[in-house]
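Contents: one structure, followed by commentary.
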Amino acid sequence: MSPSWGAVRTSNWVRSARHGREKGMRRGLEFDRTRPSILYPKFLGDRGHPPIISRSLIPEILAHDGEGGLRSVLERHDAEALDLEVADSGTLLDLDHSDDYELALSLYGRGHPTPGECEQLWLMAGGTRHVMEHCQAVSRVARALCEAFNEQCKATPLDVGLVLGAALTHDIGKGTKRHEEAGAELLKRHGFHAAADVVRIHFDTALGPDDALLEKDIVFLADKLVRCHRPVPLEERYLEKVKQYAHEPGAKQAILGRLERARALMARFEDEAGDSAERLAREALS
């Protein structure tokens, strides 16, 4: 069952088609394997473009009188068509007017999914409702942290879109042995390389004293301030893990080491943002 994404969706977010990306290659491979007359990309239930058209339809297209455009020819072969789910909202983007084209140019090359693309990724991955709700909660906290940071650090603002896209998908690989690696590889396969880099390292932090706070640090901290879909104090989040894995040799020491690094990151955030991270998390999820 798909969760409601309205709280995190930004209306009218669109994305230009990513020609040459792995998704386009997979469409071609699917077309070659099944040999339908037409293969349509499909995003959140809607067919998009460009369709891949069999060469067998070329004579009919060339003989067409033009009435109704290409669509009228394709509609005659709808029974022979197949759909391929893609996590690319650009397949629904029109370029009929100059404003559409300018919008496409402004959005081209983003390395992270939009909220709509996150929803599609989860539908394709078949994630559980529990994990999806956790990611939604983390995204709300991450947005609050990012906005608080950007308010105080206007000269070096963080990318809210990247923070949201990574937060909404950070546990999409859950259920595998190294879920952060699996999630990162999934995002990478769909062309979301910047979000993949964040997801790959959300399990732990290695922020040095001279390192700048980045989007990855915001997503990491937000994740550690959410248990399931509710706010949790940082200390409590880690100490729960100590109890849970106390029987495993070396686990306690490793978890407490991660806690120390998380404390340092949170202190750094609060110093630069001028606000309490735990308070922001509680407010975001209230």
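The values are calculated or read from the model by the stated rules, or taken from the named source; none is laboratory data. These figures come from a predicted structure and were not determined experimentally. Here the Cβ is made from the backbone with ideal geometry for all residues, glycine too, and neighbour counts use every protein chain on show.
For this structure, a couple of remarks:
- Filter pass, Lys241 being surrounded by 14 or more Cβ atoms within 10 Å (Cβ to Cβ), closer than 27 Å to Arg279 by Cα and either modelled with pLDDT under 95 or touching a Ser or Thr at 6+ places or on another chain (Cβ under 6 Å) (or both): yes
Conditions tested, residue by residue: (1) of a type in the set (Lys, Arg); (2) over 26 Å from Glu185 (Cβ atoms); (3) touching a helix residue (DSSP H, G or I) at 6+ places or on another chain (Cβ under 6 Å).
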| residue | (1), (2), (3) |
| --- | --- |
| Gly48 | no, no, yes |
| Arg55 | yes, yes, no |
| Asp65 | no, yes, no |
| Leu74 | no, yes, no |
| Asp78 | no, yes, no |
| Ala104 | no, yes, no |
| Gly116 | no, no, yes |
| Leu123 | no, no, no |
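- Residue within region 208-216 that is in contact (Cβ under 8 Å) with a residue 40 or more places away in the chain, closer than 19 Å to Leu259 by Cα and part of a helix (DSSP H, G or I) present: yes
- Within region 101-120, the residues that satisfy the criterion of being surrounded by fewer than 17 Cβ atoms within 10 Å (Cβ to Cβ) and assigned to a helix (DSSP H, G or I) are Tyr101, Glu102, Leu105, Ser106.
- Odd one out for Thr128, checked against (1) within 26 Å of Asp83 (Cβ to Cβ); (2) buried (at least 16 other Cβ atoms within 10 Å of the Cβ); (3) more than 14 Å from the chain's Cα centre (by Cα): (2)
- Selection of region 133-175 for residues being within 14 Å of the chain's Cα centre (by Cα) and either more than 20 Å from Pro113 (Cβ to Cβ) or hydroxyl-bearing (Ser, Thr, Tyr) (or both) yields Ser139, Thr169.
- Lone qualifier among Gln136, Gln152, Gln120 - being over 26 Å from Arg282 (Cα atoms) and in contact (Cβ under 8 Å) with a residue 40 or more places away in the chain: Gln120
- Hey, Pro59 outside the structural domain of Lys188 (by TED's automatic domain parsing) and either exposed (fewer than 14 other Cβ atoms within 10 Å of the Cβ) or of a type in the set (Gly, Ala, Ser) (or both) or not: yes
- Flag if Leu207 is of a type in the set (A, V, I, L, M), more than 16 Å from the chain's Cα centre (by Cα) and surrounded by fewer than 23 Cβ atoms within 10 Å (Cβ to Cβ): yes
- Subset of region 63-100 [among the small types (Gly, Ala, Ser), assigned to a helix (DSSP H, G or I) and surrounded by 13 or more Cβ atoms within 10 Å (Cβ to Cβ)]: Ser89, Gly90
- Of the residues making up region 257-286, those that are among the hydrophobic types (A, V, I, L, M, F, W, C) and either surrounded by 14 or more Cβ atoms within 10 Å (Cβ to Cβ) or closer than 22 Å to Ala137 by Cβ (or both) are Leu259, Ala262, Ala264, Leu265, Met266, Phe269, Ala273, Ala277, Leu280, Ala281, Ala284, Leu285.
- Filter pass, Arg110 being of a type in the set (D, E, K, R) and closer than 10 Å to Ala222 by Cα: no
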